[in-house]
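Engineer: Quick one: this structure, given as structure tokens, is what I'll be asking you about.
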Amino acid sequence: MKRILRYEDLYAGVWLVFLFLPVLFVALYSDAGVWWDVGAYVAIAAFAVIYIVVFRCMIARDMPSIVAGARPNLGLASIGTVLLLGCIAITVPSLGPNATAMMPFLAALWMWALPMGLAMFAAAVWWFVSMGFIWLFLGPDMASVWIGPTMALLFICFFRFFNERAAREESLATELATAREREEISRDVHDLLGHSLTAVSLKAQVARRFLRTEPDRAEAELEELLQLTQRSLEEVRGVVGRMSTPDLASQLAAAREVLEAAEVHVEVRGASERVPAPRRALFAWALREGTTNVVRHAQAANVTITLEPDRLEVADDGRGICAEEGHGLTGLRRRIEDAGATLRLRPTNAALERPGTQLIVEYES
């Protein structure tokens, strides 16, 4: 079903309630005659219709597009202004200087059609036009009339200014959200590919080692390698689609498989079922990164994985903590902090020649 009312119709239409002022002035103060008064009422009605139509055609549906530099339709704005001024002119015999009550609508039209700097200039122009019109009727003694148009224009200026500010803040928030989303995607792809490619490399090495001496073992390793690459491809596609969340139980099994393929003895304490469901994805990401780092850098012989409801620990007996924190750990740290948990890296046993590393993710009680 086609929509009849649009955002800009409602936005512009709500202000037309202030046209009751010239209607009231005609009814109370006009002495121009019946036909001039009828013409004034018709002109005010036509003014409202023209204003809505011009506003609908000229102003973008999304107001922040003006902030972004959308080019205004000056031709349409000029035509609309001429038509609206014609309507105002018809009301002058009945309204006199009170016809300036319709001037703020012209100012609003140009202020919403122009970038901020030009909009304020347009407001000043329309203020001087209104004051000149009042001076033409009343001369220098115009204090009793100029307050209304001036207050209306100031209100429009303030409203336009705060709308501009809100639009810029919204634009900045969108840019920050986009940057954050890109960073998260980059982090997810790194975590997935880093782990998966490490596992693929290990499986390929094992298959090559047994290719001549134990062909059946090599074939089994190649079959697992094929399954691993297919699973990794699905995970990468899921991350690109922003739908992939690692499963802790599956990640625990995968970690055991990869570490054992690297000839690292694995001991698991606890179970994934003990971890509350909202925390499992975070622990799975941490376990994946920890496993990858052990295989790549630690040169460890033993790894202990501990799972508790509020704590994950991956401890190895390798060569210890590297001096610089890599991209994977940096991304993991941000992910963990965003989730309200903490990440700690410390030696497993600092007294030993090979102190090892403990990766601990913990929620505070």
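The values are calculated or read from the model by the stated rules, or taken from the named source; none is laboratory data. Worth saying up front: this structure is predicted, and the values here are computed from it rather than measured. Here Cβ is always computed from backbone atoms with ideal geometry, including for glycine, and neighbour counts include all displayed protein chains. Side chains are part of the model used for accessible areas, which takes the heavy atoms of the whole protein and leaves out ligands, DNA and RNA. Shrake-Rupley method; radii C 1.70, N 1.55, O 1.52, S 1.80 Å.
Engineer: Could you please find all residues in region 112-121 being surrounded by fewer than 19 Cβ atoms within 10 Å (Cβ to Cβ) and more than 27 Å from the chain's Cα centre (by Cα)?
Structural biologist: First, pick out the residues of region 112-121 that are surrounded by fewer than 19 Cβ atoms within 10 Å (Cβ to Cβ): 115-118, 120-121.
Matches in region 112-121: Leu118, Met120, Phe121.
Engineer: Considering only region 270-277, I want to know if a residue exists there that is closer than 27 Å to Glu183 by Cβ, of a type outside the set (Val, Ile, Thr), under 28 Å from the mean Cα position of the chain (by Cα) and at pLDDT below 90.
Structural biologist: Of all residues in region 270-277, those closer than 27 Å to Glu183 by Cβ come to 275-277.
From the residues that got through so far, the ones that are of a type outside the set (Val, Ile, Thr) too are 276-277.
The next check asks that each one be under 28 Å from the mean Cα position of the chain (by Cα); those that pass are 277.
The next check asks that each one be at pLDDT below 90; those that pass are 277.
Scanning region 270-277 turns up at least one residue that is closer than 27 Å to Glu183 by Cβ, of a type outside the set (Val, Ile, Thr), under 28 Å from the mean Cα position of the chain (by Cα) and at pLDDT below 90.
Engineer: Identify, please: which residue in region 38-82 is modelled with pLDDT of 90 or more and open to solvent by 30 Å² or more (accessible area, probe 1.4 Å) and is, among those, farthest from the chain's Cα centre (by Cα)?
Structural biologist: The selected residue is Val38.
Engineer: Quick one: would you say Met142 is at pLDDT below 70, surrounded by 15 or more Cβ atoms within 10 Å (Cβ to Cβ) and within 30 Å of Val34 (Cβ to Cβ)? Before the answer, list the steps.
Structural biologist: Values: at pLDDT below 70: yes; surrounded by 15 or more Cβ atoms within 10 Å (Cβ to Cβ): yes; within 30 Å of Val34 (Cβ to Cβ): yes.
Yes; evaluated as a whole, the condition is true for this residue.
Engineer: Here's something else I'd like to know. Every residue in region 302-322 that is in a strand (DSSP E or B) and hydrophobic (A, V, I, L, M, F, W, C), please. Lay out the reasoning, then the answer.
Structural biologist: The initial filter retains those residues of region 302-322 that are in a strand (DSSP E or B), namely 302-308, 311-316.
The answer is Val303, Ile305, Leu307, Leu312, Val314, Ala315.
Engineer: Yes or no: region 252-261 includes at least one residue that is over 27 Å from Arg209 (Cα atoms) and either open to solvent by 60 Å² or more (accessible area, probe 1.4 Å) or touching a strand residue (DSSP E or B) at 6+ places or on another chain (Cβ under 6 Å) (or both). Walk me through how you get there before you give the answer.
Structural biologist: The initial filter retains those residues of region 252-261 that are over 27 Å from Arg209 (Cα atoms), namely none.
No.
Engineer: Select, from Leu10, Leu28, Leu16, the only residue that is in a helix (DSSP H, G or I), more than 31 Å from the chain's Cα centre (by Cα) and modelled with pLDDT under 80. Steps first, please.
Structural biologist: Values: Leu10 fails: more than 31 Å from the chain's Cα centre (by Cα); Leu28 fails: modelled with pLDDT under 80.
Only one candidate passes the filter, namely Leu16.
Engineer: Can you tell me which residue in region 334-365 is surrounded by the most Cβ atoms within 10 Å (Cβ to Cβ), limited to those that are over 40 Å from the mean Cα position of the chain (by Cα) and aliphatic (A, V, I, L, M)?
Structural biologist: So the residue we want is Leu352.
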